[in-house]
Structures are given as structure tokens and as C-alpha cells.
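Here the structure is laid out as C-alpha cells; the discussion comes afterwards.
Taken together, the values in this text are just the output of simple stated rules run on the coordinates, not laboratory data. In this text the structure is predicted, and so the values were computed from the model without any measurement. Heads up, the Cβs are rebuilt from the backbone with ideal geometry, glycines too, and the neighbour counts pull from every protein chain shown.
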Amino acid sequence: MAVSVFDLFSVGIGPSSSHTVGPMRAAARFVTRLTQLGLLGSVTRMRVELYGSLGATGAGHGTVAAVVLGLAGADPETVDPADVDHRLREVRSQARLPLADGPVIDFDIDADISLSVQRLDFHSNGMAFEALGAGGDVLDRRIYFSVGGGAVVDEAEAGTPPAAAAEVPFPFDTAKELVALARDRGCSIAAVMADNERALARHPDLRGAVLRIWSVMQQCVTAGLAHRGVLPGGLDVRRRAGQLAAQLAAHPGDPLYALDWVTVYALAVNEENAAGGRVVTAPTNGAAGVIPAVLHYYRRFVSGADDDGVVQFLLTAAAIGVLFKANASISGAEVGCQGEVGSACSMAAAGLTAVLGGSAAQVENAAEIGIEHNLGLTCDLVKGLVQIPCIERNAVAAVKAITAARMALRGDGSHFVSLDTAIKTMRETGADMADKYKETALGGLALNVVEC
């Protein structure tokens, strides 16, 4: 299917697009399916099984809460993050769950949601939903997969060839084709993406919808800077963004002042994500801080920066994201963190290069630098929480994206390794990577960091 800007940048809640946003959407889809089949009114109980990475790290990623809220009709874009814990406690204490537009059923969270490290064939993020009737008979059962960035497919969609892509005026499957389209039309990569996006007609006002994404990114940074204290989950990781921002404001003379702010912006977003706050998947929650941090750098420290530049940045980044999603993966459970932070770094480098006046070839060069130096990056989050090393990793990747853009802008766009080759390498590296390094918390730092 054609990938939209709004498939790559969507509003949700933390801490994970694949483990929180996706399962919430899957649960809601199952309830909708029951309604369409005329079965919802007969449901007396639900059972949910989480497999693979969802089973291994679902507790730390808020997957259980996401499933409960999704069954109750919550949507990741509109659910109040501050209300999640209260609603979960209420269901747990009463052992009752109001299904969306349906009956209130008996529901024991600990008994009716089971976690298994067994991996289903199609994808590591698998989940099965089962609706039971009054006599305990199974009314319906459906398997869903959270495939990265909050996207969900069911077992039928997973088992059939991809549907024909929606008609767009300027289709591209590779970076080489994308650069050629921009060159031959005498336009930017952002313009190519904009024309295709208008054909998809996801939003009548493309510019306004893209700027809304930017607005949510700004709100997330503001919230992250305002909050203090310790992040939930038991690691006792302290929020640092607000304190660091205060220190920077008091000492503006450092030669690397701007880059220090990039670090602060990224930390603010990912601390907010780790706390379950409102974020934009960019292209995932685990990598949600990279693109907003570089965009804040552009708006604050680049002369002449404006909203038109923000739109160009995000459309350019999205075009690069399309290539990763189509030709490799943005799922940490599938290819490791190279698919999350690596993709985000590449997308941010491309966007910044574009708004700084780079050609399509220079944009492709910057994107390649961004991913090449994240190849092999593992997803080995400690205690299954999107905190260590995820929060700092976003800050490092944001600075790396700026470096990649500046390197590309100093050249003419020619370079030895193509972006297409780097993406292919990322896919192959992910296939070779042991599962313990792919969002299971069974290897790397997750295994070697001893909790005190």
C-alpha cells in the first residue's frame, strides 16, 4: 500500500508505538469486528494472548493497559494520558470491563491477558483476541500483528500478498527513483511527496495537517521540560530535560550551545514518552525525539526558518521514511533499534538538508549518512522500559542527524554508498540479528545492567 505522511507521523501516547499504540488499535479493531458480525451483545468474557516481543516486554511498554483501553473504545490519538492509570486501576479492582458500545463484561486482567515469549510466524509483535459467550463457547478469535509505528494488520492481511498501491502521480520504490523524480521535474523531494499525499487525500488541508503534527511535537517538548521527578517503571530514572534547560538558559555562551539544546529537546520528548505522555510517532515512539529535536533546532537556530520550512522538512523526512517502511522495517522487534532510531536519524538528516537548501542528491546523501552510522544498532532496553538506552540514544541520534546534514551540504551529493544500499543492508542486518537484541530485553544492556 502507498505510505502516507500520516502513517509515519501519527499522534499517540507513550511509551511505544508498536507495544502501546498498535495493541490499543488492535483491541479496538477486534471490538469493531464483533460489532460488524453482530456478536458484541453476546460477549460475556474476553481473553487476550500477547506473543513474542509483546509478551517479553509488554509489561514495561504499557501493552496490558493499551489492550484494556482499546477494548473499552479508547483511541491513542484522543485518550487522555493522565487518565490511563486510573482507568486501569478501576478495571483491575472491579474485575469488570465496559466494551466499546457494548456490554460490561467480567474481566480479570491478570487471568484474561496472558504473556508468552513464543513468536508467531509473521511478526514478533503478535496478539490473539478471543471473545467468549455465556456458556464459555468461543464466539470469535482473531490474531493481529503490530508491525511498527503503530500500524496493525490482522491474520488475513498478513497472509495475503500486499494490495495494489493506491494511485499516486509520482510513485517511487527506491531512493534512486525519488531523486530522479525530483531532478526531472525540477522540484524538491518535498514537492514530490506533497503531490502524492494530495492524491491519497488523507487530509483536505495538507499543510494544516502537517503543521498540526508539528504543534503536537512542540507541546510534547513543552510538557517534557515542565515535568520533573522520576520516570515510572522501577528503574528510578530521573527526568533531566527541564534541569538541563535551566542550566543552558543561565549560561548561553558555550560554543556548542545550540547542540546542547538539541539534546535537551530530544530528552524532553523521550522522557515524556517514557512517562506515557502524548507524542508523535516519528516514525516510532521509541525514536520519537529525534525529528522534533532537529526541527526545534531549525526553528530556533536557523535564520529565516518558518512554517513553510517545517512543512518541507516533514514532507522530506516522510519521503525517506517511506523507503525504510517499504524496503526494510521501522520495527525494533523486527530489525532492532537501527529500524527505529536509525530510520529517524536518516529522516531528520534529510529534512534538515532540504530546508537548508540542499539538492535532492544532497538530501539522499544526508539520509544515507544518517542510517549508515546506525547500522547494527540493537534494541536491548533495560527491564523492557523505553528508558535505558532509549532516551539518551535519541539525543545522540539528533546531533548525528545535524552532523550528517552538514556533511552532505559540504559536498555535491555524490557519495560511495547509496541510501538504497544502506537500507538493504539494514534489512539484512536485522534478519541476521539474534532475537535477544530485538526488543525482548533478553540480551545486551538489558541482560548486563544489574538492578540495585
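Structure data summary
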quantity: Label-point gap, in nm, between residue 187 and residue 432 - each point 7 angstrom along Cα→Cβ; calculated: 4.0
quantity: Part-to-part distance (alpha-carbon centres) for the stretch 315-332 and the stretch 183-262, which is given in Å; calculated: 18
quantity: Relative contact order (percent, whole number), the chain, Cα cutoff 8 Å, 6+ residue spacing; calculated: 18
quantity: Distance in nm between pseudo-label sites at residue 89 and residue 396 (7 Å out along the Cβ direction from Cα); calculated: 3.7
quantity: Average Cα contact separation per residue, the stretch 36-159, under 8 Å, 6 or more apart, as relative contact order %; calculated: 35
quantity: Extension gain, residue 211 back to residue 447 (0.36 nm per residue minus Cα-Cα distance, nm); calculated: 80.9 nm
quantity: Using θ = phi - 60° and Karplus 6.51 cos²θ - 1.76 cosθ + 1.60, couplings along the stretch 290-299 (whole Hz; Gly, Pro as x); calculated: 5, 5, x, 5, 6, 5, 4, 4, 4, 5
quantity: For the stretch 5-158, alpha-carbon Rg over 2.2 N^0.38 Å; calculated: 0.95
quantity: Relative pair counts by distance (%), Cα atoms of the chain, 20 Å bins; calculated: 27, 57, 16, 0
quantity: Dipole magnitude of the stretch 1-149 about its Cα centre (Cβ charges: Lys, Arg +1; Asp, Glu -1), debye to nearest 20; calculated: 200
quantity: Residues 407, 426, 347 arranged by fewest to most Cβ contacts within 10 Å; calculated: 407, 426, 347
quantity: Whole-number percent relative contact order across the stretch 212-288, with pairs defined as alpha carbons under 8 Å at least 6 apart; calculated: 36
quantity: Spin-label model distance (nm) - residue 247 vs residue 80, 7 Å beyond Cα toward Cβ; calculated: 3.6
quantity: Charge dipole (debye, nearest 20) of the chain; +1 at Cβ of Lys and Arg, -1 at Cβ of Asp and Glu; calculated: 640
quantity: Largest-first principal axis extents of the Cα set of the stretch 155-281 (Å); calculated: 51, 43, 28
quantity: Principal-axis tilt of helix 307-327 within the chain, Cα atoms, nearest 10 degrees; calculated: 60
quantity: Exposed-loop-free span, longest in the chain, where trypsin sites (Lys or Arg not before Pro) count as exposed if DSSP calls them loop and at most 15 other C-beta atoms lie within 10 Å; calculated: 1-201
quantity: In order through the stretch 259-274: 3J(HN,Hα) via Karplus (6.51 cos²θ - 1.76 cosθ + 1.60), integer Hz, x for Gly, Pro; calculated: 5, 5, 5, 4, 4, 4, 4, 5, 4, 4, 5, 6, 5, 5, 4, 4
quantity: Farthest toward positive dipole pole in the chain [+1 Lys/Arg, -1 Asp/Glu at C-beta], among 276, 174, 266; calculated: 266
